[in-house]
Structure formats: structure tokens, C-alpha cells
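Heads up: the structure comes next, in C-alpha cells.
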Amino acid sequence: SGIGTVTFYDPKTGLYGALGHSITDADTGVIMPLGSGNIIGSKVVDVKKGCNGTPGELCGYFDKSGSRGNIMKNTPNGIFGILNGEAFEMQREPIPVAREEEIRLGTATILANVCGTEVREYDVEITRIYRSADSGKSLMLLVTDPELLEITGGIVKGMSGSPIIQNGKLIGAVTHVLVNDPHRGYGISIERMLEAAGEYEKLNKAA
């Protein structure tokens, strides 16, 4: 139904996590039962800019030439599986992951792909924190980066899973946009995603 973003990848095991929320039935909102699934590459070719009352969207071209990995879990806190290391190019050095208790109000950045295949870092602000939230909404963020606001209008569909980084650590992923204010949205903590993946012990290690 559209593009999604990989949040983390462990080169030692091939494990990845993406989206920060489930893949659901578009009509009912119910989590889709998982039979099997594959990850394929994509390229962003256009952006429908978000505005109050109308969420924007990343539009892309899908590379169907081969699978990049599988989907093993579809959970409320993200989708998870194993990526094919030969088909997945590491774009940056691994960084530590943070526990929920380390997340602070204030400045942070997100990594997002809003043009072609280039991943760039954009400024955001963490404005609220919801400790131990079960809904997958661990924090609220405000997009402050002028360039990203000019391109997308804020948070748009397809940015789900975009990593959130604060103080040199991966703290979570973008998950939802506020439809009436696309400058704002929610994020899930990386702690919740790792729990859902069954990899809780990876906290404080590279991700």
C-alpha cells in the first residue's frame, strides 16, 4: 500500500525492524495476518506535501528485481525479519540504542529518505514523552527543519520507521502524523521495537 522505512539493522544477525507500527487492513484497521512477505527496494520519485487535514505521502518506484529480505513478524510495534546482507548496503556506522528512560525533551534528529534513495538527517524537537506507553506512541515530536518542511510539510506517509536520534543514540522511530497538524507526530521508542522483535537484550549495544 506504499513505502515504509527501515529503522534498524543488525549486520551481525541480519535482523531488521521497520515502520514502528503494524501493516493493517486499509478498510478495517485490523492487523493483517502474516503468511509470508518480502522486503524490496524503492526510490522516492515524488512527494505529496501534507497540509492541515490532509496527510502527505511519499510516492515511489518499487524495485521488483529481487528480494532484499523477508518479513517474519507483523506486530503493533513494527515489522521484523532478516535482510539479505548482500542486497542491503550499510550507509553509516552502527550507533548505540537508548532505553526509554534516556529519552529527553528537546532537540533530536530523524533520518529520512524523501528524494531518490538518499538518506538525510533533519532537525526535530521532542515535545512530550509517554513513559511505558503500550500504544506504540512513546513520544511526540515537532519537525523544525526548514528544508524538510519545505519538501514534505512535516511528517508524511512513508516516513513511518524513520530513525529518531538524540545525543548520539537511536531512541526510536517516527510512527504517526497528526492529521490536523502535519508538523507534529508520534514516535515509538526503540526499546518497544526491540521488545517486539524479541531482541530486548540488544539494548545498550550497537543497532
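Miscellaneous remarks
- Going by accessible surface with a 1.4 Å probe and the largest first, R104, R68 read R104, R68.
- Accessible surface of E118 - all protein chains present, 1.4 Å probe, nearest 10 Å²: 110
- Accessible surface of the chain [probe 1.4 Å, protein heavy atoms]: carbon and sulfur percent: 49
- T107 versus K73: modelled label distance in nm, points set 7 Å from Cα along the beta carbon direction: 3.5
- Greater than 29 Å apart at Cα, pairs in K12/K169; K49/K73; K12/K49: K49/K73; K12/K49
- Probe 1.4 Å, accessible area per residue of the chain, Å²: 50
- Counting heavy atoms of the protein chains alone, K157 has an accessible area of about 120 Å² for a 1.4 Å probe.
- Distance between the modelled labels on D27 and T117, one decimal in nanometres: 3.7 nm (7 Å Cα→Cβ projection).
- Correct option for P(r) over Cα pairs in 10 Å bins from 0, in percent [calculated from the coordinates] among [x] 7, 27, 25, 18, 14, 7, 2, 0; [y] 8, 32, 37, 18, 4, 0; [z] 9, 38, 39, 14, 0: [z]
- FRET efficiency estimate (nearest 0.05) - Cβ-Cβ, L34 to S65, R0 22 angstrom: 0.40
The values are calculated or read from the model by the stated rules, or taken from the named source; none is laboratory data. Fair warning: this is a prediction, and the values are worked out from it, not measured in the lab. Virtual Cβ from ideal backbone geometry, glycine too; neighbours counted across all protein chains shown. Accessible surface areas use protein heavy atoms only, side chains included; no ligands, DNA or RNA. Shrake-Rupley method; radii C 1.70, N 1.55, O 1.52, S 1.80 Å.
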